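Asker: Please read through the structure below; I'll follow up with questions.
The values are calculated or read from the model by the stated rules, or taken from the named source; none is laboratory data. Quantities reported herein were computed from a predicted structural model and do not represent experimental measurements. Please note: Cβ atoms are built from the backbone with ideal geometry, for glycine as well, and neighbour counts cover all protein chains shown. For accessibility, only protein heavy atoms count, side chains too; no ligands or nucleic acids. Shrake-Rupley method; radii C 1.70, N 1.55, O 1.52, S 1.80 Å.
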Amino acid sequence: MPRTDGDQDREPESGGRTDDQTFSALLEDSAEDLYEHAPCGYLSTLLDGQIVKINTTLLDWLGHRRGDLVGHRKFSDLLTVGCRLYHETHFAPLLRMQGEISGIALELKAADGRRLPVLVTSTVKTGSDGQPLLIRTTVFDARDRRSYEQELLRARQESERERERLQQLNATLQRTLLPPTLANVPGLNVAAHYHIASIDEVGGDFYDLFPLAAGTWGMFLGDVCGKGAAAAAVTSLARYTLRAAAVYDPDPAAVLGNLNTVLNHEYNGIDPRFCTVLFGLLTPDGERGGFRITLASGGHPPALLLRADGTADYLPTPDGQLIGALPDAHISTTTFRLDPGDTLLLHTDGLTEAHTAIAGDRYGDEALLDFGRALAPTTAETTVSAIRELLDTLGTGVDDDTAVLAIHVPRPDRKEQQ
């Protein structure tokens, strides 16, 4: 018989009812299955922790049979010793106070002794009268997370070991760039200090004091542009070039000229390297006492002269140009006497460019000059000690390495300013 329009309308309704019923039946059938085979563990306990219900997922993880646990064991019995103690002293009291606690990392003990890292969330179910009835707990498998955390920890530990090795390497390399001890110059007291702003990098500051022929002495203090291995290579080259050049021709301007030629030829490509340097030639004056000093500057901050009469001033070395930046750098020189009671202080710009407590301000040349005037007359050791205290006061404001070298001519009566 052919279908009528009414039959066509009724057919989808009948089919729709069947689908709804089937879907409802599937939900009813799968509710218990969803609990038993959920991707996480479920268990319910009485308020004292006795297990009254547990799903198949958690049983499979632990390797226990349901009858071994339900009505016979407490949740805390499933924990490792350390986690059981934590459960009794922290987890359970907080749960009683708050009614819920979530995301707590614990370890369960499987039937075969294996440890199962888990994340636990527990909620207290209350009755209509508000009184607690039982505790529902959800357990998430944290083995993958624990493996990830352990791998992350191993990577962090390896990174720390690499950092320590790098620091040791940098410290060893830094020591090779500085003299282990300063030369003992008859008639002079000498002191130096090197402040490292970052232990993770090799600095570019350097200094030295060494003997030359005919009773003369050479000294220098400089600062290479940059940090790290590249700067260390320039520092090493500069230090040994200065020593060799001084033996060949001790005239300070000639020494810095030779260093300029070497650096300019070596680093004139796409990665130019240069430095600022003070080089001095010290000649003792046997008749008058003290020393005659010729000081050459290649773009370096001026040296500070602290006189025996309590005055202090910078030694003028204007217009000196960076060493290595140009083929023919201009070298500025000055000649002066270092008399008994006088102290000469050489420093790198890490000191004067340090940040002070006032936002945006630098320590500056004027502050250092005032510092020297307040200190004079003084000795080499006292000067360097005062500089070290100043650097400590500036703290993290000293964001660049700082080298200082002080030389002092003792008074004949050996009475020095303390």
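Asker: In square angstrom, what is the accessible area per residue of region 200-309 with a 1.4 angstrom probe?
Answerer: Ligands and nucleic acids excluded, the figure is 38 Å² per residue.
Asker: Which order, highest average first, do 241-247, 127-133, 365-371 follow once you tally other Cβ atoms within 10 Å for each residue and take the mean per peptide?
Answerer: 241-247, 365-371, 127-133
Asker: Sorted by average packing, counted as other Cβ atoms within 10 angstrom per residue and highest first, what order do 334-341, 391-398, 378-385 take?
Answerer: Going from most to least packed, we get 378-385, 334-341, 391-398.
Asker: Quick one: give the max-minus-min coordinate of the C-alpha atoms of region 306-404 along each principal axis, largest first, in Å.
Answerer: 40, 36, 19
Asker: Mind pulling the per residue volume of the convex hull built on the Cα atoms of region 244-396? Å³ is fine.
Answerer: 134 Å³
Asker: Springs between alpha-carbon atoms under 10 Å, Gaussian network over the chain: tell me which of 87, 195, 408 tops the mean-square fluctuations.
Answerer: Taking springs between Cα atoms under 10 Å, the residue moving most is 87.
Asker: At 7 Å along the Cα-to-beta-carbon direction for both residue 115 and residue 399, put a label point, then send me their distance in nm to one decimal.
Answerer: Roughly 4.5 nm, to one decimal.
Asker: Count the lysine pairs in the chain whose Cα atoms sit under 21 Å apart, keeping only pairs 8 or more residues apart in sequence or on different chains.
Answerer: Working: 53/74; 53/109; 53/125; 74/109; 74/125.
The number of close lysine pairs in the chain is 5.
Asker: Leaving ligands, DNA and RNA out of it, report the carbon-plus-sulfur percent of the accessible area of region 247-304 at a 1.4 Å probe.
Answerer: Looking at region 247-304 in its full context, I get 52 percent from C and S.
Asker: If 219, 97 are ordered by their accessible area, calculated over protein heavy atoms with a 1.4 Å probe, which sequence runs from highest to lowest?
Answerer: 97, 219
Asker: On a 0 to 90° scale, report how tilted helix 228-248 is relative to the longest principal axis of the chain, with both axes built from alpha carbons and the result rounded to the nearest 10.
Answerer: The angle comes out near 10 degrees.
Asker: Sticking with this one: Leaving out ligands, DNA and RNA, and with a 1.4 Å probe, what % of the accessible surface on region 38-86 is carbon or sulfur?
Answerer: Solvent-exposed carbon and sulfur of region 38-86 make up 57 percent of the total.
Asker: Further question: Run lengths n ≥ 4 of DSSP H only: what is the helix-derived mean residue ellipticity at 222 nm for the chain, with -39500 (n - 2.57) per run over all residues, to the nearest 500?
Answerer: So the calculated ellipticity at 222 nm is -12000 deg cm²/dmol.
Asker: Apply the Debye scattering formula to region 24-124, with a single equal point scatterer on each alpha-carbon and no solvent, then give log10 I(q)/I(0) at q = 0.13, 0.17 Å⁻¹.
Answerer: Cα-only, vacuum Debye calculation for region 24-124: -0.48, -0.80.
Asker: For region 99-151, what mean projected area does the convex hull of the alpha carbons give, in nm²?
Answerer: On the way: hull surface 17.7 nm².
Mean shadow area of the hull around the Cα atoms is 4.4 nm².
Asker: Which three semi-axes in whole Å describe the equivalent ellipsoid of region 146-268, each the square root of 5 times a Cα gyration tensor eigenvalue, listed largest first?
Answerer: Working: eigenvalues 300, 63, 17 Å².
Semi-axes from the Cα gyration tensor: 39, 18, 9 Å.
Asker: Percent of Cα-Cα pairs per 10 Å bin, from 0 to the last occupied bin, for the chain, please list those.
Answerer: Once binned at 10 Å, the Cα pair distances of the chain give 4, 16, 18, 11, 6, 7, 10, 11, 9, 5, 2, 1, 0, 0, 0.
Asker: Based on the Cβ-Cβ distance of residue 143 and residue 66, what FRET efficiency does E = 1/(1 + (r/R0)^6) give at R0 = 30 Å, to the nearest 0.05?
Answerer: 0.85
Asker: What are the principal axis extents of the Cα atoms in region 198-299, in Å, biggest first?
Answerer: Principal-axis extents of the Cα atoms in region 198-299, largest first: 51, 31, 20 Å.
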